[in-house]
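Novice: The following block contains the structure, expressed as structure tokens.
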Amino acid sequence: MSVIIRKSLLELIFSGAFMKRWNDKLRPMELVEVDKQGHKMIVAWLLFLLNSRDMDVARKRALGESIIEGGIFDYLYRLVITDIKPPVFYRIKENAEDYRTLTNWVLEELTPRIMPLGEDFIRRMGDYLMHPEDKGLARRILHAAHLYASYSEFKLLKSINRMDHELTEIEQSFIDRLKAMDDLKGVAELLDEDGTVLGGFARMCGRLRFQKRWSQTPRVPETSVLGHMFIVAAYSWFFSMEVGACRARAQNNFFSGLFHDLPELLTRDIISPVKAASRDISDLIHEYEILELHRVVLTPLREGGYGDIADRLEYFLGLEVGSEFTATVALDGTVTEASESDLAGKYNHDTLDPKDGPLLKVSDALAAYIEAHTALKNGISSGQLHHALYRIQLKYREHPVVAGIQISALLADFD
């Protein structure tokens, strides 16, 4: 069964922007599911690299694929059961029959929306969700990343919930469960956010939840840069499935989506009209982003012994070729630009480490389109939102197929 991505799947992934977390606690800001998932998958990527350093290439690619798919399976599951408090869910999980009943219901709810991904995807998702007792490396990495991301949220609301009787028990549970996983390389460093480069970087990435997109335009729901990056990563993964991307290409596309707005840690989310005001302004902003990225992120990682992490971030962000939206491959150890046709043909091989810049751009544009479209559907009247929809529609009407994706036809589903 071929994979053809549809509107319903894109909207399902976006729906995590509506889903509030910690909604029985006093919160300094709204905490939503899609932001937590973005932070979780960033941390999962860090743990993936650290715990696969000694693996051969084939094992490493298989692990990366399992982590990405497992993260997406977990997220889809969470979209359905999000209103069940964790202690209640953990109690259900302890009873195999009750958990199986709940999971069968979740799969029935999800199947119509994920059908475009094919029967194999649905089967793999069912196998993954039905066997939570699996303690393989991919699932352990995802669990550690989940605990870290949730604990990061907890620390944001801890100081304003002093009278809550559950606080001490919740915090100790996070600490105990994370410490129990410190045999995984990187977990101890993540817990020491002030004293390690890795912990500091993970905490820094979590700050992207504070940066709102479309900051000058009211929207419902509001979305953060952190949540947007996860949405773009998921879209990139699904489109990679649609175009038959090789393993390395699909993983590079996902992780490139997950980090594509990382420089906004240093510049905030600068709206497109400002960037497009003149070539000089756009170049100036880009130059500043790169300088700060090296100073604040890449150089500290290298000096801290994480050169492999810094190198991959450089590749995902397209620093060698000037843009994250440029298609690239590694030829004889040199990062080289590639055409869309070559990337889909002779360069679609794991050994060449291919990455789809144009496919990433399509995913980014679709995420922005759905943000604007959803806000208008929810009753927000805004010239900026209408103009954004028109601009994206016009662009892909003139270029209806990008990186093998029928993007203009997909946008027509939203009319």
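The values are calculated or read from the model by the stated rules, or taken from the named source; none is laboratory data. Since the structure is predicted, the reported quantities are computational estimates derived from the model, not experimental observations. Counting neighbours? That spans all protein chains shown, and the Cβs are built from the backbone with ideal geometry, glycine included. All accessible areas refer to the heavy atoms of the entire protein, side chains included, with ligands and DNA or RNA removed. Shrake-Rupley method; radii C 1.70, N 1.55, O 1.52, S 1.80 Å.
Novice: Rg and Dmax of segment 281-415, using alpha carbons, in Å: what are they?
Specialist: For segment 281-415, the Cα radius of gyration and maximum Cα-Cα distance read 18.1, 53 Å.
Novice: Of Y390, Y99, which has the most accessible area with a 1.4 Å probe, and how do the rest follow in descending order?
Specialist: Accessible-area ranking of Y390, Y99, largest first: Y390, Y99.
Novice: Quote the convex hull volume per residue of segment 1-136, based on C-alpha atoms, as a whole number of Å³.
Specialist: Each residue corresponds to 129 Å³ of Cα convex hull volume.
Novice: Here's another thing I want to ask about it. Output wanted: per-residue J couplings in Hz (rounded whole) for segment 302-316, from phi through Karplus 6.51 cos²θ - 1.76 cosθ + 1.60, θ = phi - 60°, x for Gly and Pro.
Specialist: 5, 5, x, x, 10, x, 5, 5, 4, 4, 5, 4, 4, 5, 4
Novice: Over the Cα atoms of segment 358-398, what radius of gyration and what Dmax do you get, in Å?
Specialist: In order Rg, Dmax, the Cα atoms of segment 358-398 give 10.5, 32 Å.
Novice: Enumerate the calculated ³J(HN,Hα) couplings along segment 33-39 in order (Karplus 6.51 cos²θ - 1.76 cosθ + 1.60, θ = phi - 60°), each rounded to whole Hz, writing x wherever the residue is Gly or Pro.
Specialist: Coupling constants for segment 33-39: 4, 5, 5, 4, 5, x, 5 Hz.
Novice: Over segment 60-155, with the other protein chains present, what is the accessible area per residue in square angstrom, probe 1.4 angstrom? Present the calculation step by step, with values, prior to reporting the outcome.
Specialist: Numbers: 4420 Å² over 96 residues.
Accessible area per residue, segment 60-155: 46 Å².
Novice: For E222, list long-range residues whose amide hydrogen, built 1.01 Å from N in the peptide plane, is under 5 Å from its own amide hydrogen.
Specialist: Those qualifying (amide H under 5 Å, at least 5 residues apart or on another chain) number zero.
Novice: With every protein chain left in place, what is the accessible area per residue of segment 369-408 in square angstrom, probe 1.4 Å?
Specialist: Working: 2080 Å² over 40 residues.
The answer is 52 Å² per residue.
Novice: Let me ask something additional. Quick one: Cα centre-to-centre distance for segment 31-99 and segment 124-186, in angstrom?
Specialist: 10
Novice: Right, here's the next one. Okay, helix-only estimate at 222 nm for the chain: each DSSP H run of n ≥ 4 adds -39500 (n - 2.57), divide by all residues, round to 500 deg cm²/dmol; what do you get?
Specialist: -19000 deg cm²/dmol
Novice: With the full set of protein chains in place, find how many percent of the accessible area of the chain is carbon and sulfur; take the probe as 1.4 Å.
Specialist: Of the solvent-accessible surface of the chain, carbon and sulfur hold 52 percent.
Novice: Grab every C-alpha pair in the chain, bin the distances at 20 angstrom width from 0 up to the longest one, and report whole percents.
Specialist: Reading the bins upward from 0: 26, 62, 13, 0.
Novice: May I pose another question? Quick one: dipole size for segment 194-266, taken about the Cα centre, charges +1 on Lys/Arg Cβ and -1 on Asp/Glu Cβ, in debye to the nearest 20.
Specialist: Dipole about the Cα centre, nearest 20: 60 debye.
Novice: Relative contact order of the chain: what whole-number percent is it, with Cα pairs under 8 angstrom and at least 6 residues apart?
Specialist: Contact order relative to length: 18 percent.
Novice: If we restrict to alpha carbons, what Rg and Dmax does segment 117-222 come to, in Å?
Specialist: 17.5, 49
Novice: Related question: Greater than 29 Å separation of Cα atoms is the criterion. Which listed pairs, K155/K355; K155/K212; K40/K355; K355/K395, meet it? Intermediate values should be presented prior to the final figure.
Specialist: On the way: K155/K355 36 Å; K155/K212 20 Å; K40/K355 22 Å; K355/K395 22 Å.
K155/K355, as the Cα separations exceed 29 Å there.
Novice: Of the candidates L190, L107, L291, which one comes out as most mobile in a Gaussian network treatment of the chain with C-alpha springs shorter than 10 Å?
Specialist: L291
Novice: Quick check: with the 1.4 Å probe, what order do W45, W214 take by accessible area, largest first?
Specialist: W214, W45
Novice: Rule-of-thumb check for segment 39-86: C-alpha Rg over 2.2 N^0.38 Å?
Specialist: 1.38
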